[in-house]
There are 2 protein chains.
Amino acid sequence: MNKVNVREAFEKVNGYWNPTVAGALNGQEVKLVKFKGPFTWHHHDNEDELFYVVKGSFVMEMRDQNITLHEGDFLVVPKGVEHRPNADEEVWVMLFEPATTLNTGNTENEFTKHRLDRL
Amino acid sequence: MNKVNVREAFEKVNGYWNPTVAGALNGQEVKLVKFKGPFTWHHHDNEDELFYVVKGSFVMEMRDQNITLHEGDFLVVPKGVEHRPNADEEVWVMLFEPATTLNTGNTENEFTKHRLDRL
């Protein structure tokens, strides 16, 4: 059993849009992701996703609204809701979601990560 | 769907050892708790618990080790592991755990909260 310092752990995360598993519990995982630029539009059929901003800010684009998240904010995107994170500058985001969650949800493209890095 | 600023949300949390639900996803909940002093020794038979320190620091006492957590650190306490949070000074802790988790686990005493406040 080890504690994780989230900011130190982010220093070990390689590249953008690369969810890196930092913890696991109850079938869920804590994933650290650096966002930069626009991601891909997608939704998750079965998983709600929590986004918590550790550093920076980004816009969660959805079909009916955009929500700007700043450091210390979190947002839960329910399953089925189409979304696209978009970050003008690099932002560090901690995700909490089921371990089964595929990062690009119902889509598959150059962003898709079937196997995740682990700290 | 609303974003939550965690530090602002903590301003609305009443008292110590009073888990206040700030979000829900996949049968899990985000609970905000202010710790001060020693809690009660307990374990959870079926739930792993994640503790993330938003402000301050505390010691997670366990039977075989103590782990000091500072701002920005998280720790997962697996089910079955007896533990007691202990905070010299007020500390703000964000929990991720199944919604079913009773705060005092296998014990019941003056700390037990069967019904939780919600933001």
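The values are calculated or read from the model by the stated rules, or taken from the named source; none is laboratory data. Small disclaimer: the values here were computed from a predicted structure and weren't measured. A quick note on method: Cβ atoms are made from the backbone with ideal geometry, for glycine too, and the neighbour counts reach across all protein chains shown. Protein only, heavy atoms only, side chains kept; ligands, DNA and RNA dropped before computing areas. Shrake-Rupley method; radii C 1.70, N 1.55, O 1.52, S 1.80 Å.
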Original post:
Condition test on B:Asp45, is it in contact (Cβ under 8 Å) with a residue 12 or more places away in the chain and under 24 Å from B:Glu11 (Cβ atoms)?
Top reply: no
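Return yes or no: is A:Val21 part of a strand (DSSP E or B), modelled with pLDDT of 95 or more, in contact with a Lys or Arg (Cβ under 8 Å, 6 or more places away or on another chain) and surrounded by fewer than 21 Cβ atoms within 10 Å (Cβ to Cβ)?
Considered against the rule, which asks whether it is part of a strand (DSSP E or B), modelled with pLDDT of 95 or more, in contact with a Lys or Arg (Cβ under 8 Å, 6 or more places away or on another chain) and surrounded by fewer than 21 Cβ atoms within 10 Å (Cβ to Cβ), A:Val21 comes out as yes.
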**OP:** Looking only at the range A:109-119, decide whether some residue is more than 8 Å from every other protein chain (Cβ to nearest Cβ), touching a Phe, Trp or Tyr at 6+ places or on another chain (Cβ under 6 Å) and either crowded, with 16+ Cβ neighbours inside 10 Å or in a loop (DSSP other than H, G, I, E, B) (or both).
**Re:** yes
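Conditions (1) open to solvent by 20 Å² or more (accessible area, probe 1.4 Å); (2) within 11 Å of another protein chain (Cβ to nearest Cβ), marked per residue:
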position: A:Pro38; (1), (2): yes, no
position: A:His42; (1), (2): no, no
position: A:Tyr52; (1), (2): no, yes
position: A:Lys55; (1), (2): yes, yes
position: A:Met60; (1), (2): no, yes
position: A:Leu75; (1), (2): no, yes
Subject >> Selection from the range B:24-39 of residues that are within 19 Å of B:Asp117 (Cβ to Cβ) and outside any strand (DSSP E or B) >> reply: B:Phe39
Original post:
Right, B:Glu97: open to solvent by 40 Å² or more (accessible area, probe 1.4 Å) and either closer than 22 Å to B:Val4 by Cβ or modelled with pLDDT of 95 or more (or both) or not?
Top reply: no
Original post:
Looking only at residues in the range B:1-18 that are closer than 29 Å to A:His44 by Cα and either open to solvent by less than 20 Å² (accessible area, probe 1.4 Å) or touching a Lys or Arg at 6+ places or on another chain (Cβ under 9 Å) (or both), which one is farthest from the other protein chains (Cβ to nearest Cβ)?
Top reply: B:Ala9
Subject >> Single condition A:Gly80 does not satisfy, out of (1) outside any strand (DSSP E or B); (2) away from chain B (no Cβ under 14 Å) >> reply: (2)
Original post:
Mind checking which pairs have a first residue in the range B:71-89 that is within 20 Å of A:Asn5 (Cα to Cα) and a second that is assigned to a loop (DSSP other than H, G, I, E, B) and charged (D, E, K, R), Cβ under 8 Å, 6 or more apart or different chains?
Top reply: B:Asp73/A:Lys3; B:Phe74/A:Lys3; B:Leu75/A:Lys3; B:Val76/B:Asp48; B:Val77/B:Asp48; B:Pro78/B:Asp48
